[in-house]
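Participant: Take this structure first; my questions come after.
Read-outs: derived from the displayed coordinates by stated rules, not from any lab. A quick note: this is a predicted structure, and the numbers were derived from the prediction, not measured. Note that each Cβ is placed from the backbone with ideal geometry, even for glycine, and that neighbours are counted across all protein chains shown.
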Amino acid sequence: MRWQSLLPGALAATLSLLSLGEAGAQGVTLPDVSREVLDNGAVLIVNEKREVPLVGIELVLRGGGVRDLQGKSGTASLYAGLLERGAGSRSAAEFAEAIESVGGRISATAELERIRISAEFLARDFELMLSLLRDMLYAPTLAEAEFDTLRQRQINFILAAKDSDPGALMPTYAAGFLFADHPYGNPLAGSESSLASITHTDVLDYHANEVGGDRLIISLSGDIDTAHAMVRLADVFGALPAAGQSLQPLAEPLTAIDGRVLLIDKPGATQTYFWIGNLGVAVDYPERPALDIANTLFGGRFTSMLNTALRVESGLTYGARSVLIRPSKQGSLGISSFTRTDASVEAIDMALDVLGALRNEGVDEDMLRSARNYVLGLYPMRFETARQLARQFAMLEFYALGTAHVDDYADALRAVTVESVAATVDAVYPARDELVFVILGDAEVIRDDMRRYGTLYELSVADPIFRLPFEEPLSEEPTE
């Protein structure tokens, strides 16, 4: 039944991509909302959406993984995981049963700069949803037995990925190498080493220090009266005290040192995984529409330049893409792919050639039109449901972006030109001599070849960490 429920949306998306002309889709205009700031600092945002008898809510706590203590990365992730495992008077099983018995959904997730709790319930179960969410924030059980189970599960996941799916860990290795000791380099889910050092008390302290009304954004959308919802949200969350610690502004990441290569040794590996990139831009980057078009063309869809070269035409990989991470400060831009060991240099060089072509040759009008229509066709699908709208309003509040970030996006996309794409590529996409490389494979086989890309540093996949020790200078001679 699941595929049937998804089929209309998939068909609509496909038809929109096939049929959009230069005028394209009309874009998105956000509905009106009511916004209130409570005395404890919590921000309430409510949007009535009456078409379907559902309510979606997004609770955002500022902080997230960047607040993990040094050496204890993964604390926020463990805390978020425990929020779903009992709260108030309900055990983990009773909490799950309360949700499932009415067909609701609640999930808690730690992200780099925030913890998100998302929920969707039938409108008639609004009070039950509030009760569960209240208990999660005010009185999570945070049981020690559940903590031990979750921590070991996360360690086991890392070990399993290192053994059979190392590609899943490449973003973590890349962030650690690129950002070094900046909080953006923290392994969000932890490392074997950091997870082993986290105690149950650390998680209790995280709740006391990092959860509070002064950190909270509550965004609600759905089949409910705005005035009633505002009153009930204020009643439930208005008494949440301030977090035990104040948030300090994040520093900007230091300019990454180019010409560095991190080689992660996995003896006997038959494939080489690679990430190539450097620092990127923040979420409020002013040329976002041109950047989205550039990234779509370069590595953001199946027919992208990267995937066409590395997969379709050469058969060197099953997939190649470019990934933009855009947090509140300067994020990252990277090329990500993998290939068989004996084709490591060929695949990496081809990726570099494609990057060079993007920078030196640019895009033409047909490419621009295709990417614009692709992005315009997919963009409205982010705003269809109450849960999606709640998430989008929470995101705008979190980053202080304003509704124009969404409302004006389609027109801004239509205003993008070949010249503005070229200027954005020149400003954001690193040149060949500005790149940082993270490569995972059989070091005995590929080490000498990898030296051609820059100064070499090494970790072993067996090391229980994801980044070099902070005290290791990045200007040393290559290590063996």
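Participant: Determine the dipole magnitude for the chain: charges of +1 sit on the beta-carbon of Lys and Arg, -1 on that of Asp and Glu, nothing else is charged, the reference point is the Cα centre, and the result goes in debye to the nearest 20. If you can, show how the numbers build up before the last one.
Facilitator: Details: 40 positive and 67 negative charges, 185 e Å.
Using Cβ point charges on Lys, Arg, Asp and Glu, the chain gives about 880 debye.
Participant: Out of all DSSP beta bridges in the chain, what portion is antiparallel? Express it as a percent rounded to 5.
Facilitator: The answer is about 75 percent antiparallel.
Participant: Same structure again: So which GluC sites (Glu not before Pro) in region 370-437 pass both tests, a DSSP loop state and at most 12 other Cβ atoms within 10 Å of the Cβ?
Facilitator: Passing sites in region 370-437 are GLU384.
Participant: Considering only region 260-460, what is the antiparallel percent among its DSSP beta bridges, to the nearest 5?
Facilitator: On the way: 20 of 32 bridges.
Around 60 percent antiparallel, to the nearest 5.
Participant: Ranking request for peptides 373-382, 400-409: highest mean number of other beta-carbon atoms within 10 Å first, then the rest in descending order. Show your work: numbers first, answer last.
Facilitator: Numbers: 373-382: 18.4, 400-409: 14.7.
Those peptides, ordered most packed to least, come out 373-382, 400-409.
Participant: Using the Cα centre of the chain as origin and beta-carbon charges of +1 (Lys, Arg) and -1 (Asp, Glu), tell me which of LEU247, VAL43, GLY176 is placed farthest towards the positive end of the dipole.
Facilitator: Checking the options against the dipole of the chain, the answer is VAL43.
Participant: Now for a separate question. Using Cβ contacts closer than 10 Å as the measure, can you line up GLU48, GLU252 from fewest to most? Kindly include the intermediate steps, with their values, before the conclusion.
Facilitator: Working: GLU48 17, GLU252 11.
Listing GLU48, GLU252 from fewest to most nearby Cβ atoms yields GLU252, GLU48.
Participant: Here's another thing I want to ask about it. For region 260-460, compute Rg over Rh where Rg is the Cα radius of gyration and Rh is the Kirkwood radius from the inverse mean 1/r over Cα pairs. Walk me through the intermediate numbers first.
Facilitator: Working: Rg = 18.3 Å, Rh = 18.1 Å.
When Rh is taken as the Kirkwood radius, the ratio is 1.01.
Participant: From the helices alone, meaning DSSP H stretches of at least four residues, give me the mean residue ellipticity at 222 nm for the chain, per-run term -39500 (n - 2.57), in deg cm²/dmol to the nearest 500. Provide the component values of the computation, followed by the final result.
Facilitator: Details: 17 runs with 196 residues, N = 480.
Using -39500 (n - 2.57) per qualifying helix, the result is -12500 deg cm²/dmol.
Participant: Continuing with this model, one more query. Run down the aspartates and glutamates and flag those whose C-alpha is under 17 Å from the C-alpha of LYS162, throwing out any fewer than 8 positions away in its chain.
Facilitator: Leaving aside aspartates and glutamates fewer than 8 places away in the same chain, those within reach of LYS162 are GLU192, ASP265, ASP442, GLU458, ASP463.
Participant: Only counting other Cβ atoms within 10 Å, I'd like ILE115, ILE446 sorted with the fewest neighbours first. Could the numbers behind the result be given before it?
Facilitator: Working: ILE115 25, ILE446 21.
Ranked by crowding around the Cβ, least crowded first: ILE446, ILE115.
Participant: Can you give the Kirkwood hydrodynamic radius for region 31-237, in Å, rounded to one decimal and based on Cα pairs?
Facilitator: Values: mean 1/r = 0.0555 Å⁻¹.
It is 18.0 Å.
Participant: For region 265-413, with only Lys/Arg (+1) and Asp/Glu (-1) charged at the beta-carbon, what is the dipole magnitude about the Cα centre, in debye rounded to 20?
Facilitator: 540 debye
Participant: In addition: Given the options HIS405, ILE264, PHE437, identify the residue whose Cα lies farthest towards the positive end of the charge dipole of region 260-460 (+1 on Cβ of Lys, Arg; -1 on Cβ of Asp, Glu).
Facilitator: Sorting the options by dipole projection puts first HIS405.
Participant: Per residue and in Å³, how big is the convex hull formed by the alpha-carbon atoms of the chain? Intermediate results must be reported in sequence, preceding the final value.
Facilitator: Numbers: hull volume 73.4 nm³, N = 480.
For the chain, the hull spanned by Cα atoms encloses 153 Å³ per residue.
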